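I have placed the structure first, in the form of structure tokens, so that the comments after it can refer back to it.
The values are calculated or read from the model by the stated rules, or taken from the named source; none is laboratory data. In this text, all values refer to a predicted model and were calculated from it rather than measured experimentally. Neighbour counts run over all protein chains shown; Cβ positions are idealised from the backbone, glycine included.
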């Protein structure tokens, strides 16, 4: 039994994008197309690699109120899986929940339409999914809705920490109860959209809608499950083994905090003929072709008179084609005045998007010469001494002294004429 686990699709993220100007999708954000392209890789893998279940562990969209174009993009791809007889389990994440009690989630439309082979995990509990390789028990831990867990009287006078601890206790008890009710003869997995203590977090910190909820790893790392599929944290990571408990991570990078993160999905192999606790036979991470984020740091050499060429050479050492790029240039105030930003942007013309060009101008320390050293010195000798004190290299020092000689000569000529 082969399970494809991915999470945090976040259709609707459009930062660092531009309007697509080519093809049938003209007028759409290029970043929207990035996220749909990554989902296409998931769908193609499932269709060609005999996947028995596709599991989205929460956050199909960025917004609680996705627009029609975003909804269409997801529905078109889920329809391909449904038509091929591949079941899809959609866990409800925090970005899928409505603002107000009683409103539908972004996933409810699939239950309403009764789309074949689509299951929506919107409540804590176990769902039995019919897969091509036999039944599979999926225990769902969607993003907890406080109003569903706590009555006002239960927490009257509680601090925020006490409320969170109460929610953690309730969730842990609910998962243990669900695990105790599993059929040990049928493969079982847990899918949760939650922060587990000890996980390495990333850009999801800036994207949280509502109060974050934490669980201890021991709350959900139970031997009754053959695999624990997590969502909400954007960085792929395996937290524990026996059974494996893993975050798939997001399919696309959201910002530069994810620049070095691998993006993709998890593929899990279960053997239904084995006994509980021994069914997992393979686990691997499958990368996708995610948009590259590239940071270029330029340290302009001290004394350089052409920071533009220094910066261009640094850019050429990176592959910026189709990447989202930020450029950070460290230089002096004198060099900043010489930087020709138009030429720098021309060197970045193959990038998909230039997020920023930031000049980090160093505050220059003024070298002060003792009075007894400069007393009686002429302007040229004083300048030469100053340049040596500043440790200006000999070639540049000579050029500056030549400019100084010309200015001094011009000033003396004007005095003679007066």
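Any residue in the range 68-87 that is part of a loop (DSSP other than H, G, I, E, B) and either surrounded by fewer than 19 Cβ atoms within 10 Å (Cβ to Cβ) or touching a residue at least 60 places away in the same chain (Cβ under 8 Å) (or both)?
To start, the set of residues in the range 68-87 that are part of a loop (DSSP other than H, G, I, E, B) comprises 84-87.
After this cut, where a residue has to be either surrounded by fewer than 19 Cβ atoms within 10 Å (Cβ to Cβ) or touching a residue at least 60 places away in the same chain (Cβ under 8 Å) (or both) as well, the list is 84-85.
Yes, the range 68-87 contains at least one residue that is part of a loop (DSSP other than H, G, I, E, B) and either surrounded by fewer than 19 Cβ atoms within 10 Å (Cβ to Cβ) or touching a residue at least 60 places away in the same chain (Cβ under 8 Å) (or both).
I'm trying to understand the selection: among the residues of the range 160-210, which are out of contact with any strand residue (DSSP E or B) (no Cβ under 8 Å at 6 or more places or on another chain), at pLDDT 90 or above and not in a helix (DSSP H, G or I)?
Within the range 160-210, 184, 185 qualify.
Got a sec? Which of 351, 337 is assigned to a loop (DSSP other than H, G, I, E, B) and at negative phi? It would help to see each step written out before you state the result.
Working: 337 fails: assigned to a loop (DSSP other than H, G, I, E, B).
It is 351.
Quick grid of which residues meet (1) farther than 22 Å from residue 302 by Cα; (2) over 29 Å from the mean Cα position of the chain (by Cα); (3) modelled with pLDDT of 95 or more; (4) outside the structural domain of residue 408 (by TED's automatic domain parsing):
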| residue | (1), (2), (3), (4) |
| --- | --- |
| 318 | yes, no, yes, yes |
| 325 | yes, no, yes, yes |
| 328 | no, no, yes, yes |
| 337 | no, yes, no, yes |
| 342 | yes, yes, yes, yes |
| 345 | yes, no, yes, yes |
| 356 | yes, no, yes, yes |
| 378 | yes, yes, no, no |
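Inside the range 358-372, can you point out the residues that are touching a helix residue (DSSP H, G or I) at 6+ places or on another chain (Cβ under 7 Å) and at pLDDT below 80? Write out each step before concluding.
Residues of the range 358-372 that are touching a helix residue (DSSP H, G or I) at 6+ places or on another chain (Cβ under 7 Å), as a first pass: 359, 361, 364, 367, 369.
Correct list: 364, 367, 369.
Suppose we filter the range 256-291 for residues that are crowded, with 18+ Cβ neighbours inside 10 Å and over 26 Å from residue 129 (Cα atoms); how many remain?
Result for the range 256-291: 6.
May I ask you to say which residue of 64, 31 is farther than 22 Å from residue 192 by Cα and not assigned by TED's automatic domain parsing to the domain that holds residue 356? Step through it out loud before you land on a result.
Values: 64 fails: farther than 22 Å from residue 192 by Cα.
From the options 64, 31, the qualifying one is 31.
Being under 20 Å from residue 121 (Cα atoms) and in contact with a strand residue (DSSP E or B) (Cβ under 6 Å, 6 or more places away or on another chain), is that true of even one residue in the range 33-40? So that I can check it myself, show each step before the final result.
Filtering the range 33-40 down to residues under 20 Å from residue 121 (Cα atoms) leaves 39.
With the extra rule that they be in contact with a strand residue (DSSP E or B) (Cβ under 6 Å, 6 or more places away or on another chain), the set shrinks to none.
No: the range 33-40 contains no residue that is under 20 Å from residue 121 (Cα atoms) and in contact with a strand residue (DSSP E or B) (Cβ under 6 Å, 6 or more places away or on another chain).
Only residues that are in contact (Cβ under 8 Å) with a residue 40 or more places away in the chain and over 18 Å from the mean Cα position of the chain (by Cα): list them for the range 1-38, please.
Selection gives 1, 2, 3, 4, 18, 28.
Where residues in the range 88-109 are part of a helix (DSSP H, G or I) and more than 22 Å from the chain's Cα centre (by Cα), which of them is modelled with the lowest pLDDT? It would help to see each step written out before you state the result.
Step one: filter the range 88-109 for residues part of a helix (DSSP H, G or I), giving 94-96, 108-109.
Now restrict to residues that are more than 22 Å from the chain's Cα centre (by Cα): 108-109.
On the way: 108: 79, 109: 83.
Here the residue is 108.
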